[in-house]
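Below is one structure, written out as structure tokens, with a few remarks after it.
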Amino acid sequence: MSFPKRFEDDGGTVTVDLHGSTVRDALYIARRCVQEGYRQGRSKVDVIHGASTSGRESRRTIKTALLDQLERGAFADWSSGHTTDASGGRTTVWLNIGPNADPARIRVNDVVPR
């Protein structure tokens, strides 16, 4: 399993950069970030995946795979919706109010197995 290029938690937002990850690893990491963010009371997860200029039908990319998962409701237990920025390189997943507001920062090791 690859580690994200960048991972940060400021106590309100988890930011993860998935450039260089395989689609499979990226979807796993994004899902774990959303689950852990929800569990620890964060408001959103920013997933940096790149603009992905290829069309949805032509090639599966991190962006297209993530958007497909979100639109099919795969993250619905933890999130209330999502938006993609104007450049198309970042998707924000808005989280439901989780069970605990935990001030301890989420670390990359909390979401990516060793």
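The values are calculated or read from the model by the stated rules, or taken from the named source; none is laboratory data. Keep in mind that what you see is a predicted model, and the values were worked out from it rather than measured. Heads up, the Cβs are rebuilt from the backbone with ideal geometry, glycines too, and the neighbour counts pull from every protein chain shown. Areas reflect the complete protein model, heavy atoms only, side chains present, ligands, DNA and RNA absent. Shrake-Rupley method; radii C 1.70, N 1.55, O 1.52, S 1.80 Å.
Numerical summary
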item	result
Residues (open to solvent by 40 Å² or more (accessible area, probe 1.4 Å) and under 19 Å from PHE3 (Cβ atoms)) located in the stretch 91-114	ARG105, ARG107, ASN109, ASP110, PRO113, ARG114
Filtered residues of the stretch 78-99 (kept if under 15 Å from GLY37 (Cβ atoms), out of contact with any Phe, Trp or Tyr (no Cβ under 6 Å at 6 or more places or on another chain) and free of Cβ contacts under 8 Å to residues at least 24 places away in the same chain)	HIS82
Residue ID - nearest to ASP102 (Cα to Cα), chosen from residues in the stretch 34-69 that are hydroxyl-bearing (Ser, Thr, Tyr) and modelled with pLDDT of 95 or more	TYR38
Any strands (runs of 3 or more DSSP E) falling wholly within the stretch 1-87 and containing at least 3 residues that are open to solvent by 50 Å² or more (accessible area, probe 1.4 Å) and over 18 Å from ASN109 (Cα atoms)	79-84
